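The structure appears below as C-alpha cells.
What follows is calculated from the coordinates using simple rules that are stated; it is not laboratory data. Being a predicted model, the structure only gives us computed values, none of them experimental. In this analysis, Cβ positions are derived from the backbone assuming ideal geometry, glycine residues included, and neighbour counts consider all displayed protein chains.
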Amino acid sequence: MHAPIDSNALATLFSEARTHSAWLDKALPDALLEQLYDHVRLGPTAVNSCPARFVFVRSAEGKQKLAPCLSKGNLDKTLAAPVTVIVAYDEDFPETLPELFRHADARSWYAGQPALITENALRNSSLQAGYLILAARALGLDCGPMSGFDDKALNEAFFAGTTWKSNLLINLGYGDASKLRDRLPRLPFDRACVLA
Ligand SMILES: Cc1cc2nc3c(=O)[nH]c(=O)nc-3n(C[C@H](O)[C@H](O)[C@H](O)COP(=O)(O)O)c2cc1C
C-alpha cells in the first residue's frame, strides 16, 4: 500500500501530459532508454508473459528504414523525433513462460493455439505500450503514439525471419509544447462508465 501520488505527479502523467508531434533538439542517451525499460518491464501482463519487444530506432540509418513504412502524416514528425519506439510482440512468447511464470506449466496453455497467442500478445503488448507512455512521462519525456504505418512493410523491414510482429509506434523525446493544439475533449464518466 502506497500513498496516492501528489497533484504535480498526476499532472506529469495525465492532466498536463499531451501527445506530441514537434520535438526539441535534445538527444536521449541510450542509458535513459534502458532506465525507461526498467520501469516498463514491471507493468503487469497476463501470466507475466511480457510479450512486448521494443526497438528503439534512433540512428539515421534506422529512421531511413522506417520512413517508407510510415503514413504520409506521420513521416516528418517521426524523422524529427529523437527516438521512435517500435512496440512489437513476440509470437513465440510462450517459450519464455517456463522462465517467467514458474508457478504452472503456462506454456502448454498456448500450445497449438495461434489465435490465443495472437490475442494475448496483442492485448498485453498494447498494455505494455501504455506503461511505456506513462513511464516516459514519469521520466520527464514526451510521447507521440502512432498506428498510421504499414505493418506488413515494417515487419518485412525490421522483423523478417523472426517471430516478432509490430503493434504500434511511439515517438519519444522532449516535446515542443509551443506547437501543441488545444486538448481534444474526453467522454465524461456518465457516457463512458457504468457502475454495476
Ligand atoms: C494507439 C494510438 C495510435 C495513434 N495513431 C496516431 C497516428 O497515426 N498519427 C497521429 O498523428 N496521431 C496518432 N495518435 C495520437 C492521438 O490522436 C492522440 O494521442 C489523442 O488525440 C490524444 O491527444 P492528447 O494526448 O494530446 O490529448 C495515436 C494515439 C494512439 C494512442
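For the stretch 86-93, state whether one or more residues are crowded, with 18+ Cβ neighbours inside 10 Å, within 16 Å of the ligand (Cβ to nearest atom) and over 23 Å from residue 39 (Cβ atoms).
Among the residues of the stretch 86-93, not one is crowded, with 18+ Cβ neighbours inside 10 Å, within 16 Å of the ligand (Cβ to nearest atom) and over 23 Å from residue 39 (Cβ atoms), which makes the answer no.
Only one of (1) away from the ligand (no atom under 16 Å from the Cβ); (2) more than 24 Å from residue 10 (Cα to Cα) is not met by residue 148, so which one is it?
Going through the list (1) away from the ligand (no atom under 16 Å from the Cβ); (2) more than 24 Å from residue 10 (Cα to Cα), residue 148 breaks only (1).
If I filter the stretch 113-141 down to residues being of a type outside the set (S, T, N, Q) and within 10 Å of the ligand (Cβ to nearest atom), which single residue comes out as nearest to the chain's Cα centre (by Cα)?
129
Suppose we filter the stretch 162-196 for residues that are away from the ligand (no atom under 15 Å from the Cβ) and closer than 14 Å to residue 89 by Cα; how many remain?
4
Specify the residue that is surrounded by the fewest Cβ atoms within 10 Å (Cβ to Cβ); the eligible residues are those in the stretch 145-174 that are over 22 Å from residue 123 (Cβ atoms) and among the small types (Gly, Ala, Ser).
Per the criteria, the residue is 161.
Taking the stretch 11-27 on its own, how many of its residues are of a type in the set (S, T, N, Q) and either more than 10 Å from the ligand (Cβ to nearest atom) or surrounded by fewer than 12 Cβ atoms within 10 Å (Cβ to Cβ) (or both)?
2
Can residue 153 be described as closer than 19 Å to residue 73 by Cβ, in a helix (DSSP H, G or I) and more than 13 Å from the ligand (Cβ to nearest atom)?
yes
Based on what the data block shows, is residue 36 under 30 Å from residue 102 (Cα atoms) and more than 16 Å from the ligand (Cβ to nearest atom)?
yes
If residue 158 passes every condition in (1) in a helix (DSSP H, G or I); (2) within 12 Å of the ligand (Cβ to nearest atom) but one, which one does it miss?
(2)
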